[in-house]
Amino acid sequence: MKMNEDFLKSMKDAFELLQTKGPQEATAAVQRALSGGSASEAHMSRTAAPLTPSNAGEWAQAWSQAQKQVHPAPAAPTFDAPPLDADTPGTFSTHTFSNAAGQRQYKLYVPAAYTGEPSPLIVMLHGCTQNADDFAAGTRMNEMAERHGFIVVYPNQTQAANPSKCWNWFKPGDQLRDQGEPSLIAGITREVMGRYRVDPARVYVAGLSAGGAMADIMLKTSPDLYAAAGVHSGLAYGCAKDLPSALGAMRGGNAQHRRARAVPQRPLIVFHGDADTTVHPSNAAGIVASFDAGTTTVSAQSGAASGRRAHTRTHTQQRHVAANGVEAEYWSIHGAGHAWSGGSRQGSYTDPSGPDAAAEMVRFFLAHPQAR
């Protein structure tokens, strides 16, 4: 599909409709543009025709191009493997996993501190437009691995699977155990567990944005595999079933659908900037909504003294699930946008001024092994 200037203008108009009118009007605008009309003509219609399998791929590609025009990714170098230095003296290698759902590459960091004793494993899922090397550089999770002695694996999404390299968290086929992308991520996890001595009670998953949404999917669909999850600037499992509902969820809608799906509980730590204009902060509350039956402790910390952003941390314990409860932490980072809190400028979509999300996730994970 040729992305000429008129088409891009239509896509920009459609994006404005998403912000001012909603996903139905935006969908109609995109479909009108795909058929050769204009977004302004689509504005005349208040009812969007449903997406079909024949145009879904074009819709996704068009929307991806429009988003890049309106919100271009920050300038960043091409990321190869981060250099190994005093903080990351381990091995960072590239591997490929295949199954019936397809094939994905992944990067694997094994710290120099690894001795062959059973070690924790953290699966890190990057956000849109990112890759494993970029995400490793931005989160500095390899440094955390060296400090605490765990292994890290970074599955790579492909541009063939999603034009912006987003994990397809909003597709029904990619929200199910042992199917689609969850089967690939779980397969990579198990492959690493088979290759190294990994403690099966200390396997965790974390992600940013679309990767955060997929991390919640992995925790909910494979609670036997993952002991806990970290979701940064993400969305709740089951809050979308297609592109229009995904866009609605990103704007803060679909709250009822989000709460409707009953799933097993595992510990969760959630980070979200309260100035995020890409994924509405209400999504963080949706992720931890099922923990509301327990007790909550709220503490606020000013970041002025340390030079970091102020934040509010909410701790919730769902007491009726187990003797010691199932815990969730929600960190609302004041003034922060859509970026990994406390990350390095060597990676994209990072906010070095925020509290250190990687360090706090590791602290939370290691305190929550899975009961066997």
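Every number here is computed from the coordinates shown, using simple stated rules; none is lab data. Predicted, not measured: the structure shown is a model, and the values here were computed from it. Cβ coordinates were reconstructed from backbone atoms using ideal geometry, including for glycine residues, and neighbour counts include every protein chain displayed.
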**Item:** Pairs of lysines in region 91-366 (C-alpha under 21 Å apart; 8 or more residues apart or interchain)
**Value:** 5
**Prompt:** In terms of modelled amide H atoms, which long-range or inter-chain residues lie less than 5 Å from the amide H of H311?
**Reply:** Q301, G303, H334
**Item:** Global form of region 193-257, assessed from the alpha-carbon gyration tensor, a/c cut-off 1.5
**Value:** prolate
**Item:** Amide H contacts of G347 (H built 1.01 Å from N, under 5 Å, at least 5 apart or other chain)
**Value:** G138
**Asked** Where in region 129-215 are there trypsin sites (Lys or Arg not before Pro) that are in a DSSP coil and have at most 14 other Cβ atoms within 10 angstrom of their Cβ?
**Response** R197
**Request:** Find which of P182, I217, V203 sits farthest along the positive direction of the dipole of region 176-217, computed with +1 on the beta-carbon of Lys and Arg, -1 on that of Asp and Glu, about the Cα centre.
**Result:** V203
**Asked** Is region 91-366 rounded, prolate or oblate when judged by the Cα gyration tensor, a ≥ b ≥ c being the square roots of its eigenvalues, rounded requiring a/c under 1.5 and prolate requiring a/b larger than b/c?
**Response** rounded
**Prompt:** To the nearest 20 debye, what is the magnitude of the charge dipole of region 169-214 about its Cα centre, counting +1 on the Cβ of each Lys and Arg and -1 on the Cβ of each Asp and Glu?
**Reply:** 160 debye
